[in-house]
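Here's the structure we're looking at; comments come further down.
The values are calculated or read from the model by the stated rules, or taken from the named source; none is laboratory data. Predicted model, so just to flag it, every value in this text is computed and none were measured. Cβ coordinates were reconstructed from backbone atoms using ideal geometry, including for glycine residues, and neighbour counts include every protein chain displayed.
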Amino acid sequence: MKNSKLIPLSVPNLSLTILENVRETIETGWVSTGGRFITEFEAKIAKYTGAPRAVSTQSGTAGLHLALRVLGIEPGDEVIVPSLTFIAAVNPVRYMQAEPVFMDCDDTLNMDMDKLQRFLELECDQVNGQTINRRTKRPVKAVVVVHVFGNPANMDKLMQLKEQYHLHVIEDATEALGSYYLAGRYAGQHCGTIGDIGVYSFNANKIITTGGGGMIVSPHEEYLERAAFLGVQAKTDPLYFIHDEVGYNYRMTNIQAAFGTDQIDQLERFIDAKISSYRLYQAAISDIPGLELYPFRPDTRANHWFYSLYIDEQQYGLNRDELLRQLNERHIQTRPLWGLVHKQKPYRGCLAYEIENACRFEDNLLNIPCSTSLLESELDQVVEALRTLGGTR
């Protein structure tokens, strides 16, 4: 039976308590890139993640661009990136006129650190403290690691490789606010706080939202100072508008931060809701042949941002695209995995190293409704549809 009401994939969970903050921005006129809510939101993110400081940005993409600029990535440098990610994780590399090198994923959907190690060992040379790609003769300067769907990547292994091969590490934690490690070298540390620079996003579908906007964190105060300087048009003298270099209009607005200061206070409640719904799905789907709700790492507290359903067509009876179509016809909003970035038109011809696992996930993963406001009755409707459609052609 088709639902009359749409069950959305992922929508904001907003409270009317935000209105008092918004009212203040309107009454005071502080609606643009200055005001107390910006500094308050930055302070709350820093405290929550355990970072020494946070710098707000216009978007997560802007934060990644600033991170690459701050770390000194130059035209012709190579930056290792995942292919299984949203394209916004890769585009800033090209903003810097640098070259992406695409890496495969492991079974957590995150960058395969064993393949990364193999690439660095077998395809690169160490020359005067730099890692040089033997084939292209270009320096490999950095790795952008994405914590896909809030599932923490293997930072233990990556940080060992960083030290061994003199690489910068940028953590794209845009999907992973609230995810942290329970074991290993970084037990207790949040995604985004381990590499040289970490970036969060507050887009409308993220676990908390400011409508848009992002945040940069780093253990290095000098990086944050530089990012803050470049993000406000690189004003050397803000009174007389003296600019000694090119900067960007990348600061978050006060009205966005007015949303953020309220939303961050709800984050743990939102994560609890995500985990609860995930477990209900997991129990209900476990006996449907051909479907698997993809797991999060057990040695972490993942924020469970998105739920990925793996479809075995032979057992289930429908492939990913057929299931997507039929669920959407039933007003259950679902989404396929992103198209792999190394296959996208702007990046065809870039080096892609042994990409195999990501292709399997690209063909067989489907994201299902996971809003923090998802009702149990709506979840039951999704499961009923999955159960009913199984075995059909």
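If I ask for residues that are in a helix (DSSP H, G or I) and under 23 Å from Ser10 (Cβ atoms), which ones from the stretch 330-351 would you list?
Within the stretch 330-351, the subset in a helix (DSSP H, G or I) is 341-343, 345-347.
Matches in the stretch 330-351: Val341 only.
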Residues of the stretch 89-107 being more than 12 Å from Leu340 (Cβ to Cβ) and in a loop (DSSP other than H, G, I, E, B), which ones?
-> Met96, Gln97, Ala98, Asp106, Asp107
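Looking at Pro82, Pro75, Pro12, can you tell me which residue is within 16 Å of the chain's Cα centre (by Cα) and of a type outside the set (Val, Ile, Thr)?
Exactly one residue qualifies, and that residue is Pro82.
Counting only residues that are of a type outside the set (S, T, N, Q) and under 11 Å from His190 (Cα atoms), which one in the stretch 48-59 is surrounded by the most Cβ atoms within 10 Å (Cβ to Cβ)?
In the first step, residues of the stretch 48-59 are kept if they are of a type outside the set (S, T, N, Q); the result is 48, 50-55.
Retained after the next criterion (residues that are under 11 Å from His190 (Cα atoms)): 48, 50-51.
Values: Tyr48: 16, Gly50: 14, Ala51: 22.
Taking the candidates together, the pick is Ala51.
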Residue under evaluation Glu225, criteria (1) surrounded by 14 or more Cβ atoms within 10 Å (Cβ to Cβ); (2) of a type in the set (Asp, Glu); (3) not assigned by TED's automatic domain parsing to the domain that holds Ile38, criterion not met = (3)
Which of (1) polar (S, T, N, Q); (2) in contact with a Pro (Cβ under 7 Å, 6 or more places away or on another chain); (3) not in a loop (DSSP other than H, G, I, E, B) does Thr209 not meet, given it meets every other one?
-> (3)
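Tell me, yes or no, whether the stretch 244-255 has at least one residue that is in the same structural domain as Leu64 (by TED's automatic domain parsing), among the polar types (S, T, N, Q) and in a strand (DSSP E or B). Give the derivation first.
First, pick out the residues of the stretch 244-255 that are in the same structural domain as Leu64 (by TED's automatic domain parsing): 244-255.
Applying the additional criterion that residues be among the polar types (S, T, N, Q) yields 249, 253-254.
Now restrict to residues that are in a strand (DSSP E or B): 249.
Yes - at least one qualifying residue is present in the stretch 244-255.
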Considering only the stretch 302-323, state which residues are buried (at least 20 other Cβ atoms within 10 Å of the Cβ) and within 26 Å of the chain's Cα centre (by Cα).
-> Ala302, Asn303, His304, Trp305, Phe306, Tyr307, Ser308, Leu309, Ile311, Arg320, Leu323
Please list, ordered by first then second residue, the pairs with beta carbon atoms under 8 Å, 6 or more apart or interchain, first in the stretch 324-344 and without any contact (Cβ under 8 Å) to a residue 24 or more places away in the chain, second β-branched (Val, Ile, Thr).
-> Asn328/Thr334
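The rows are residues; the columns are (1) part of a loop (DSSP other than H, G, I, E, B); (2) touching a helix residue (DSSP H, G or I) at 6+ places or on another chain (Cβ under 9 Å).
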site: Ile288; (1), (2): yes, yes
site: Glu292; (1), (2): no, yes
site: Pro298; (1), (2): yes, no
site: Leu318; (1), (2): yes, yes
site: Asn328; (1), (2): no, no
site: Ser371; (1), (2): yes, yes
site: Leu374; (1), (2): yes, yes
site: Asp380; (1), (2): no, yes
site: Thr388; (1), (2): no, no
Subset of the stretch 23-51 that is under 18 Å from Glu225 (Cβ atoms) and at pLDDT 95 or above - its residue that is nearest to the chain's Cα centre (by Cα) | Ile45
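If we keep just the residues of the stretch 114-150 that are among the aliphatic types (A, V, I, L, M), part of a strand (DSSP E or B) and surrounded by 19 or more Cβ atoms within 10 Å (Cβ to Cβ), which is farthest from the chain's Cα centre (by Cα)?
Our first condition is that a residue be among the aliphatic types (A, V, I, L, M); within the stretch 114-150, this holds for 116, 120, 122, 127, 132, 140, 142-146, 148.
Keeping just the survivors that are part of a strand (DSSP E or B) gives 127, 132, 140, 142-146.
Next, only the ones that are surrounded by 19 or more Cβ atoms within 10 Å (Cβ to Cβ) stay: 140, 142-146.
Numbers: Val140: 23, Ala142: 17, Val143: 14, Val144: 11, Val145: 9, Val146: 6 Å.
Result: Val140.
Can you pull out the residues in the stretch 234-293 that are polar (S, T, N, Q), without any contact (Cβ under 8 Å) to a residue 24 or more places away in the chain and either crowded, with 17+ Cβ neighbours inside 10 Å or farther than 30 Å from Lys47 by Cβ (or both)? So that I can check it myself, show each step before the final result.
First, pick out the residues of the stretch 234-293 that are polar (S, T, N, Q): 236, 249, 253-254, 256, 261, 263, 266, 276-277, 282, 286.
Now narrow it down to the ones that are without any contact (Cβ under 8 Å) to a residue 24 or more places away in the chain: 236, 276, 282, 286.
Thr236, Gln282, Ser286, listed by residue number.
Run down Gly178, Gly198, Gly188 and say which single residue is modelled with pLDDT of 95 or more, in the same structural domain as Leu68 (by TED's automatic domain parsing) and in a strand (DSSP E or B). Break it down into steps so the answer makes sense when it comes.
Details: Gly178 fails: in a strand (DSSP E or B); Gly188 fails: in a strand (DSSP E or B).
After ruling out the rest, the residue left standing is Gly198.
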Restricted to the stretch 340-362, and to residues that are of a type outside the set (Phe, Trp, Tyr) and farther than 23 Å from Asp114 by Cα, which residue is surrounded by the fewest Cβ atoms within 10 Å (Cβ to Cβ)?
-> Lys345
Inside the stretch 23-45, can you point out the residues that are in a helix (DSSP H, G or I), buried (at least 17 other Cβ atoms within 10 Å of the Cβ) and hydrophobic (A, V, I, L, M, F, W, C)?
-> Phe37, Ile38, Phe41, Ile45
Does Val217 satisfy the condition of being touching an Asp or Glu at 6+ places or on another chain (Cβ under 7 Å) and either surrounded by 16 or more Cβ atoms within 10 Å (Cβ to Cβ) or not assigned by TED's automatic domain parsing to the domain that holds Leu109 (or both)?
-> no
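Could you identify the single residue in Arg36, Arg69 that is basic (Lys, Arg) and either in contact with a His (Cβ under 6 Å, 6 or more places away or on another chain) or more than 17 Å from Gln263 (Cα to Cα) (or both)?
Numbers: Arg36 fails: either in contact with a His (Cβ under 6 Å, 6 or more places away or on another chain) or more than 17 Å from Gln263 (Cα to Cα) (or both).
One residue alone meets the criteria, Arg69.
Output yes when any residue across the stretch 156-166 is in a loop (DSSP other than H, G, I, E, B), crowded, with 17+ Cβ neighbours inside 10 Å and either touching a residue at least 60 places away in the same chain (Cβ under 8 Å) or of a type in the set (A, V, I, L, M) (or both), and no when none is. Steps first, please.
Residues of the stretch 156-166 that are in a loop (DSSP other than H, G, I, E, B), as a first pass: 166.
Retained after the next criterion (residues that are crowded, with 17+ Cβ neighbours inside 10 Å): none.
No, the stretch 156-166 contains no residue that is in a loop (DSSP other than H, G, I, E, B), crowded, with 17+ Cβ neighbours inside 10 Å and either touching a residue at least 60 places away in the same chain (Cβ under 8 Å) or of a type in the set (A, V, I, L, M) (or both).
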